[in-house]
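The values are calculated or read from the model by the stated rules, or taken from the named source; none is laboratory data. Here the structure is a predicted model, which means the values were calculated and not measured. Every residue, glycine as well, gets a Cβ built from its backbone with ideal geometry; the counts of neighbours run over all protein chains shown. What goes into the accessible areas is simple: the full protein's heavy atoms, side chains included, and nothing from ligands, DNA or RNA. Shrake-Rupley method; radii C 1.70, N 1.55, O 1.52, S 1.80 Å.
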Amino acid sequence: MDTETPQSWAYYVGNTRRTDGTPIEIRACYDGSLVGTTFRPPDEAIEEAVNSAVTAFETASRLPAYERAEILRAMSREVESRSEEFVRILALEAGKPVKAGRVEVDRCIFNLRNASEEAQRIEHELIPLDLLPAARNRWGMIRRFPLGAILAITPFNFPLNLVAHKVAPAIASGNTVVQKPASKTPLCSLLLAQVAYDAGIPDGMLNVLPCSAEKAEGMVGDDRFKLLTFTGSSEIGWQLKSRAGKKKVALELGGNAGAIIHSDADADDAAKRCALGGFAYSGQSCISVQRIFVHASIFDRFVAALELATNALKVGDPLDANTDVGPMITPADAERVENWIDEAVESGAELVTGGKREGAIYHPTVLTHTKPQMKVNCLEVFGPVVTVEPYRELEQAFASVNDSAFGLQAGIFTNDNRALFQAFEKLEVGGVVANDVPTFRADHMPYGGTKDSGTGREGARYAIEEMTERKILVLNLD
Ligand code: NAP
């Protein structure tokens, strides 16, 4: 294969690197400089990619576990050896501060390695069928088989690791993939595809198309795909589910995560964690802390500590090693956040700190005296804004967290086990995090949401469940 030039990025149809189609420029979020050029594939290339994924399934589904595992191990090693290249692309195309970029790259390295291990322990079952006389001496052997070609659509905010969350379990379970990266951040996907081919992935097992949303929507309705796995906004995700026909659908969507700081919590520690969980990568994470509910007895102390921790964050160039908070993905997104904050303040919210925009940068902002129906509470902000409100009874805090269309993750700071287990039972989310922010995620845990936040779980082992189907062989031993 050719060596990639920094400015022109091929897309992948099978093992063929292609540069036909309409050129698109990828520009840095921070200063608008040109990061690279890639191409909108023409319709024939999209059709070829789908065919290539369908045809390659014959080979992919028969790959032995040790080969699937080895491809993923080799990819993990290759990402590690190119980690600074990935960090730089993340900083440029996604505006992700290098501190956060390194975390994403490390997570991807682990994610690929973990998937290689899961490839070797996909669970199969043997069950007795003789629970009734007619099934005497019969056993059921249950195997998980890969589904076929998978359509994977990914968002801009973790353009490396969230792609790995789809591509790695697909390889681990012997499926094939057509992946469509977000238009703002396709370069990480294209570099990951190169890594996959350098790691020896069979022709057609991974195809990466930086196509438009419209062309991707066309593929969503295509029956040749057996699974649509989508990560992105709730609005688009549910809309695509209704167009997906008979294929399986897994959706990892938005959130407005709540954190409860109970009376016995260490307010200073919780405040520091909330500042990071709310403002890292300018709050552009589906599990960013957005709504904080603090027991009235420690409210003032917590707000003061949060203000301090927020003001200590360094805002600026994502390529600067000390930056905590860089630009938002576009100036328009920063303007939207600005409008929502202005609207809240006009309706009585009080600004504790922040409330300032400079181009695409929005400064980390803490609001209090907000109302549940304000956009900064009831919608997904997806920006560097948190709201803080007091509560007196724990039940009230649970009700406030649940007063949301979303249900991805929630956090509760307490050492009171009764309170913790009540939270586990009552919070309507896919995951409850004790003594940390809802932003915590280990990549091998089952991760996903309830309500508008989606359906299905990621984390290699759980994604493999979504990407395989059980088939039973009934054994008659008579
Ligand atoms: P988005 O606008 O929904 O886009 C996500 C992906 O869908 C992009 O590749 C986009 O392509 C594509 N797309 C948009 N419209 C489409 C259509 N009609 N048919 C087919 N594909 C379409 O989301 P985003 O702004 O990139 O990402 C932010 C959202 O993702 C937030 O809501 C966040 O909470 C959510 N998210 C969820 C998780 C999770 O694990 N639950 C993780 C990360 C992010 P274009 O880029 O070409 O428009």
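Any idea how many residues of the range 322-339 are within 16 Å of the ligand (Cβ to nearest atom) and not small (Gly, Ala, Ser)?
9
Residues to consider are Ala94, Ala119; find the one that is under 19 Å from Lys471 (Cα atoms), buried (at least 22 other Cβ atoms within 10 Å of the Cβ) and not aromatic (Phe, Trp, Tyr).
On the way: Ala94 fails: under 19 Å from Lys471 (Cα atoms).
After applying the criteria, what remains is Ala119.
Pairs needed: first member in the range 233-252, assigned by TED's automatic domain parsing to the domain that holds Asp223 and of a type outside the set (Gly, Ala, Ser); second member anywhere, in a loop (DSSP other than H, G, I, E, B) and open to solvent by 90 Å² or more (accessible area, probe 1.4 Å); C-beta distance under 8 Å; at least 6 residues apart or different chains.
Lys246/Asp223; Lys247/Asp223
I need every pair where a residue in the range 395-410 that is among the charged types (D, E, K, R) has its Cβ under 9 Å from the Cβ of a residue that is assigned to a helix (DSSP H, G or I) and at pLDDT 95 or above, sequence separation at least 6 or different chains.
Taking only residues 6 or more apart or on different chains, the pairs are Glu395/Gln422; Glu395/Lys426; Asp403/Asn377; Asp403/Cys378.
So that you can scan it fast, the table gives a plain yes or no per residue for (1) closer than 30 Å to Thr176 by Cβ; (2) of a type outside the set (A, V, I, L, M); (3) in contact (Cβ under 8 Å) with a residue 24 or more places away in the chain:
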position	(1), (2), (3)
Val433	no, no, yes
Tyr462	yes, yes, no
Thr468	yes, yes, yes
Asp478	no, yes, yes
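If I ask for residues that are aliphatic (A, V, I, L, M), within 15 Å of Leu162 (Cα to Cα) and surrounded by 19 or more Cβ atoms within 10 Å (Cβ to Cβ), which ones from the range 433-463 would you list?
Filtering the range 433-463 down to residues aliphatic (A, V, I, L, M) leaves 433-434, 437, 442, 445, 460, 463.
Checking the rest, the ones that are also within 15 Å of Leu162 (Cα to Cα) come to 442, 445, 460, 463.
Result: Ala460, Ala463.
Among the residues of the range 336-353 satisfying the criterion of being surrounded by 15 or more Cβ atoms within 10 Å (Cβ to Cβ) and under 27 Å from the mean Cα position of the chain (by Cα), which is nearest to Glu389 (Cα to Cα)? Steps first, answer last, please.
We begin by selecting, within the range 336-353, every residue surrounded by 15 or more Cβ atoms within 10 Å (Cβ to Cβ); these are 336-338, 340-341, 344-345, 349, 351-353.
Going one step further and asking which of them are under 27 Å from the mean Cα position of the chain (by Cα), we end up with 336-338, 340-341.
On the way: Arg336: 23, Val337: 20, Glu338: 20, Trp340: 18, Ile341: 16 Å.
Out of the qualifying residues, it is Ile341.
Within the range 259-272, track down each residue that is crowded, with 24+ Cβ neighbours inside 10 Å and over 21 Å from Gln422 (Cβ atoms). Spell out the reasoning first.
Pass one, the range 259-272, residues crowded, with 24+ Cβ neighbours inside 10 Å: 259-261, 270-271.
Passing the criteria: only Ala271.
Scan the range 220-244 for residues that are within 26 Å of Tyr447 (Cβ to Cβ) and either near the ligand (Cβ under 8 Å from one of its atoms) or open to solvent by 10 Å² or more (accessible area, probe 1.4 Å) (or both) and report the count.
Here the count works out to 16.
Tally up the residues in the range 419-478 that are among the hydroxyl-bearing types (Ser, Thr, Tyr) and in a helix (DSSP H, G or I), please.
At the first step, the residues of the range 419-478 found to be among the hydroxyl-bearing types (Ser, Thr, Tyr) are 439, 447, 450, 453, 455, 462, 468.
If we keep only those that are in a helix (DSSP H, G or I) too, we end up with 462.
Number of matching residues: 1.
Quick check, is Ala405 within 16 Å of the ligand (Cβ to nearest atom) and small (Gly, Ala, Ser)?
Yes: the conditions hold for Ala405.
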